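The values are calculated or read from the model by the stated rules, or taken from the named source; none is laboratory data. Keep in mind that what you see is a predicted model, and the values were worked out from it rather than measured. No Cβ is skipped: glycine too gets one built from the backbone with ideal geometry, and neighbour counts run over all protein chains shown. All accessible areas refer to the heavy atoms of the entire protein, side chains included, with ligands and DNA or RNA removed. Shrake-Rupley method; radii C 1.70, N 1.55, O 1.52, S 1.80 Å.
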Amino acid sequence: MIETLEFKVAPPAVTDARPTGLAIRRGLRGKCPRCGDGEIFRAYLKVSDTCPSCSLELFHQRADDAPAYLTMLIVGHFIVAGIIAMEEFWPDSPLLPLTILWCALTVASALWLLPRLKGALIGYQWAMRMHGFGGPEKAPI
């Protein structure tokens, strides 16, 4: 005789709705994913410990290297496409001014995009209740 075992697991208690799209948009603007008023960053890429408006704890975030990888992916694609297009349509253009132009554009776009992607990732982590933002805690080992 084979018996089946039934396991009943209670779903995690969700007390408030966290719209993912809104949290990501707020993060892109560098604002708190919960209230949308307070600033996430206290410096260029330094995340504040708490939101100055709603006191949301932000030190849980684990953005790590993902924003840098995404920035390189995005910036690299449009810079390389621009260089190839420039060579295709203007093959006799002078090399030194174009090199300076593309290097400056690469640095400027990467520096502009990096904090926005980090903010969006923090907003996503908050909305998905990841890394201490209200999700289930890990069991002790």
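Every listed requirement among (1) over 21 Å from the mean Cα position of the chain (by Cα); (2) of a type in the set (D, E, K, R); (3) modelled with pLDDT of 95 or more is met by R116 save one, (1). Candidates in segment 13-34 are the residues that are of a type outside the set (A, V, I, L, M) and crowded, with 18+ Cβ neighbours inside 10 Å; of these, the one that is nearest to the chain's Cα centre (by Cα) is G27.
All conditions in (1) open to solvent by less than 90 Å² (accessible area, probe 1.4 Å); (2) within 25 Å of D16 (Cα to Cα) hold for D37, with the sole exception of (1). The set of residues in segment 44-70 being open to solvent by less than 50 Å² (accessible area, probe 1.4 Å), small (G, A, S) and out of contact with any strand residue (DSSP E or B) (no Cβ under 8 Å at 6 or more places or on another chain) consists of A66, A68.
When restricted to residues that are in contact (Cβ under 8 Å) with a residue 40 or more places away in the chain and either among the aliphatic types (A, V, I, L, M) or open to solvent by 50 Å² or more (accessible area, probe 1.4 Å) (or both), segment 102-128 contains 10.
If you go through segment 35-73 and keep only what is assigned to a helix (DSSP H, G or I) and either polar (S, T, N, Q) or under 22 Å from M128 (Cα atoms) (or both), you end up with A66, P67, A68, Y69, L70, T71.
Scanning segment 74-95 finds one or more residues that are touching a residue at least 24 places away in the same chain (Cβ under 8 Å), under 25 Å from A43 (Cα atoms), open to solvent by less than 80 Å² (accessible area, probe 1.4 Å) and in a helix (DSSP H, G or I).
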